[in-house]
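**Q** Quick one: structure below, then a few questions.
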Amino acid sequence: MKSTGVIRSIDNLGRLVLPKDLRKQFGVTPQTPLEILTDGDSIVLRKYRPAGSCDLCGEVSPDAVAYRGKLICGACRRALAGL
């Protein structure tokens, strides 16, 4: 893992403020679901993505196929074909 050099405290309600630069860099908005994981003595936050969701649009689709390590739904494949 890479250190950002940012130190934050948790408030009395257990909240933590993510710096604007990090939110912007990772595309985190108020509507973005975050998954909370643990790794030994570390707490890890990552954007939540349901299993089988498209890597381009995030939709879960039964017709998604893997291409070069990315899962792509039928709608995104059709959109890419039209480029």
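The numbers here are math on the coordinates, done by the rules we state, and not lab data. Please read all numbers here as calculations on a predicted model, not as lab measurements. Methodologically, a virtual Cβ is constructed for each residue, glycine included, from the backbone with ideal geometry; neighbour enumeration extends over all protein chains shown.
**Q** Mind listing just one residue for me: the one in the range 61-83 that is among the basic types (Lys, Arg) and out of contact with any Cys (no Cβ under 9 Å at 6 or more places or on another chain) and, of those, surrounded by the fewest Cβ atoms within 10 Å (Cβ to Cβ)?
**A** That would be Arg68.
**Q** Restricting to the range 37-83, what's the tally of residues that are outside any loop (DSSP other than H, G, I, E, B), under 30 Å from Gly14 (Cα atoms) and of a type in the set (A, V, I, L, M, F, W, C)?
**A** Number satisfying all stated conditions: 4.
**Q** Search the range 9-60 for residues being under 30 Å from Leu80 (Cβ atoms) and among the small types (Gly, Ala, Ser), and hand back the single one that is surrounded by the most Cβ atoms within 10 Å (Cβ to Cβ).
**A** Here the answer is Ser53.
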